[in-house]
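Note sheet for the following structure.
The values are calculated or read from the model by the stated rules, or taken from the named source; none is laboratory data. Everything quoted here is computed from the prediction, not taken from an experiment. Cβ coordinates were reconstructed from backbone atoms using ideal geometry, including for glycine residues, and neighbour counts include every protein chain displayed. These area figures cover heavy atoms from the full protein model, side chains too; ligands, DNA and RNA do not enter into them. Shrake-Rupley method; radii C 1.70, N 1.55, O 1.52, S 1.80 Å.
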Amino acid sequence: MIVDAEKCVGCGMCRIYCPVSAIQVVNKKAVIDQDLCTECANCQRAKVCPRDALQKVPLTWPRVVRSQMSDVTTVYRGVNGRGTEEMKTNDVTGRFKKGYAGIAVEMGRPQVSSTLRDLEKMTKVFAQHGAEFEDCNPITSYIVDRSTGKIDPSILDERVISGIIEVTVPIDRLQENVEALIAAADQLDTVFSLDVVCVNNEDGTNDAREILDKAGIWYRPNGKNNVGLGHVDK
Amino acid sequence: MSHTLHREGSVESLKNDFVVLTMAAQGHNVEGSGPKFRRYFELARQFHPVNIGENKNTGALPAFDYDTIVNKTDDGCVCLVVFDDEKNLIGFLQALKKEDLGMSVVVSGLMDEVAACCEQVGLKVHTVNMSLGVFGKREKLVGDKEREITTMCGHGMITGEMVLYHVNRIRKGLETAEQASESVCKLCICGAFNPARGAKLFQAMADAPAD
Ligand code: SF4
Ligand code: SF4
């Protein structure tokens, strides 16, 4: 995003709409820190600029990665937004099977943003602990070596509002992976939100939940629940 | 994408906050899903959702009216409906079960409460996604109270500064908590934001002594 300095009157209305505080008003003109800007377009979409001075510019590689991962209106493989179907359609796809758990590391969330360099630290942790990267995920498409978790070096300095790494692990390696991720958190210059996905048992119990309970690993009381209504037409 | 998973707040405040999402599975049931999604929104209408939205062709309620969102919904949309009341959630789940649209449905909310609502209508939770919280440089996060509002847009489009700006305006009598909530709600184009809960949180922040 850039500011047309000719048009800008320095009113500062756009400033509070930037999730990563990339906009400052200097000498009565808005200035966008291009390193911090994730190209999410929130400032422009908010339609608060009285002079229409905020302008999207065509992005080329590698900067285009920012908008692909940060602009909510992005379409990725037919799914609106940058995410994937993950457990949302698991009743139809069977992506997460019994005996396995899904783990997602949502780098930069909530609202701190992350460089791909920080994100790579966590893909490397997953690679060391036998995790399978999810095929249909934009971050996986940036991994050039799944055995090490190495990300395409040309994009490491790009910054995204959030980048979601999704993997599957055998359920008996869930605790090991979660503990390794938490231990690696202090190497980061950002935050991540951590998710665990698992199919319920017939009696309503959940193997991942039991493992987390036993290990004394805290989780929120609120979560996402696929209620099993999906099926392919008979 | 887990944009409805990491909502923060007390159990009490999360009790009346349910986001119900439906989407098709690529390669399985995308084709012909549009009419089913439109029916989904129609079924929801009688249970008084506080927000609805889809981010492919339109957006969410404050910016678009209900009929426009429904009419523009087509194959492959991701459709969200938000309730601030358990009874309405139960009613909607019951209606969905009866209608048997065949589309996957995910309810974000207190896990034990959602499981109990499912049980009441003869549904079983199939798969869960749990949030283990936030790790790393937590000092970079906005304040705890602001996050209760900002995390209702999981994509991070409602900023902490914006929340404080509106709290200030409520304190000065320039707007009501409801107006503040509706204003920030417009930035959440998927329709995941719960404006009823938002208004309560804004009011509580405005009523608290200023720092
Ligand atoms: S595009 Fe997003 S990150 Fe960049 S200045 Fe605008 S709001 Fe901030
Ligand atoms: S809202 Fe527009 S005119 Fe005001 S500071 Fe931002 S870019 Fe400049």
Fill in the blank from the handout: Rounded to a whole %, the carbon-and-sulfur portion of the accessible area of the protein assembly as shown at a 1.4 Å probe is 50
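Counting other Cβ atoms within 10 Å of each Cβ, which trypsin sites (Lys or Arg not before Pro) in segment B:89-141 have at most 15 and sit in a DSSP loop? Each step should come with its number before you reach the end.
Working: sites: B:97, B:98, B:124, B:137, B:138, B:140; in loops: B:124, B:137.
Answer by residue number: B:124.
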Practice task
Name the most mobile residue of A:145, A:203, A:213, meaning the one with the largest mean-square fluctuation, in a Gaussian network model of chain A with Cα contacts below 10 Å.
Solution key: A:203
Practice task
State the volume of the convex hull built on the alpha-carbon positions of the protein assembly as shown, expressed per residue in Å³ and rounded to an integer.
Solution key: 144
Problem - Helix axis angle, B:111-120 relative to chain B longest principal axis, alpha carbon, degrees - result: 40
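Ranked from the most accessible area to the least, with a 1.4 Å probe and all protein chains present, what is the order of B:65, A:195?
Working: B:65 90, A:195 0 Å².
Ranked list, largest accessible area first: B:65, A:195.
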Practice task
Go through segment B:50-58 residue by residue and turn each phi into a ³J(HN,Hα) via Karplus (6.51, -1.76, 1.60, θ = phi - 60°); whole Hz please, and just put x for glycine and proline.
Solution key: 8, 7, 9, x, 8, 10, 9, 10, 10
Fill in the blank from the handout: Note, residue A:224: beta-carbon cut-off 10 Å, +1 each Lys/Arg, -1 each Asp/Glu, net -1
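Let me know the Kirkwood hydrodynamic radius for segment B:2-44, please, with Cα pairs as the basis and the value in Å to one decimal.
Details: mean 1/r = 0.0777 Å⁻¹.
Taking the inverse mean of 1/r over all distinct Cα pairs, segment B:2-44 comes out at 12.9 Å.
Tell me whether chain B comes out rounded, prolate or oblate; compute the Cα gyration tensor, take square roots of the eigenvalues as a ≥ b ≥ c, and use a/c under 1.5 as the rounded threshold. Could you put the intermediate results ahead of the total?
Working: a/c = 1.83, a/b = 1.58, b/c = 1.16.
Prolate, because a/c is 1.5 or more and a/b exceeds b/c.
With N denoting the number of residues in segment B:11-121, provide Rg(C-alpha) divided by 2.2 N^0.38 Å, to two decimal places. Walk me through the intermediate numbers first.
Numbers: Rg = 13.4 Å, N = 111, 2.2 N^0.38 = 13.2 Å.
Segment B:11-121 yields a ratio of 1.02.
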Exercise for the section: Post the alpha-carbon centroid distance, segment B:180-211 to segment A:129-152, in whole angstrom. Expected result: 38
Exercise for the section: Roll a 1.4 Å probe over the protein heavy atoms and report the accessible area of residue A:61 in Å², nearest 10. Expected result: 130
Exercise for the section: Would you please give the FRET efficiency between residue A:231 and residue A:33, computed as 1/(1 + (r/R0)^6) with r the Cβ-Cβ distance and R0 = 41 Å, to the nearest 0.05? Expected result: 0.25
Practice task
Relative to the longest principal axis of the C-alpha atoms of chain A, give the angle of the C-alpha long axis of helix A:174-184, reported between 0 and 90° and rounded to the nearest 10°.
Solution key: 30
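Hey, what did chain A get for relative contact order, percent, Cα under 8 Å, at least 6 apart?
Numbers: 399 pairs, mean separation 50.1, N = 234.
Once normalised by length, the contact order is 21 percent.
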Problem - Whole-Hz ³J(HN,Hα) from phi, Karplus 6.51 cos²θ - 1.76 cosθ + 1.60, for segment A:40-48, glycine and proline x - result: 6, 6, 4, 4, 6, 4, 5, 6, 9
Completion exercise
In vacuo Debye sum over C-alpha of segment A:83-215, base-10 log of normalised intensity I(q)/I(0) at q = 0.17, 0.18, 0.21 Å⁻¹, listed in q order, is -0.88, -0.98, -1.28
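Can you give the accessible area buried between chains B and A, summed over both chains, with a 1.4 Å probe, in Å² to the nearest 100? Could you put the intermediate results ahead of the total?
Details: alone 11550 and 12980 Å², together 17710 Å².
Buried surface at the B/A interface: approximately 6800 Å².
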Problem - Descending Cα extents along the principal axes, segment B:138-207, whole Å - result: 30, 28, 15
Practice task
With springs connecting C-alpha atoms under 10 Å apart, model chain A as a Gaussian network and identify which of A:124, A:47, A:224 has the largest mean-square fluctuation.
Solution key: A:224
Exercise for the section: Give me the lysines in straight-line cross-link reach of residue B:172: C-alpha distance below 26 Å, same-chain residues under 8 apart excluded. Expected result: A:47, B:145, B:186, B:200
Problem - Farthest toward positive dipole pole in segment A:83-215 [+1 Lys/Arg, -1 Asp/Glu at C-beta], among A:156, A:125, A:211 - result: A:156
Exercise for the section: Between the alpha-carbon centers of segment A:170-195 and segment A:200-234, tell me the distance in whole angstrom. Expected result: 19
Handout entry: Distribution of pairwise C-alpha distances over chain A, 5 Å bins, in %
Key = 1, 6, 13, 16, 16, 14, 11, 9, 6, 4, 2, 1, 0, 0
Fill in the blank from the handout: When chain B is treated as a Gaussian network with springs between alpha carbons less than 10 Å apart, the largest mean-square fluctuation among B:23, B:111, B:152 is found at B:111
Problem - Those lysines that a straight Cα-Cα span of less than 20 Å connects to residue A:98, excepting residues fewer than 8 apart in one chain - result: A:88, A:214, A:224, B:124
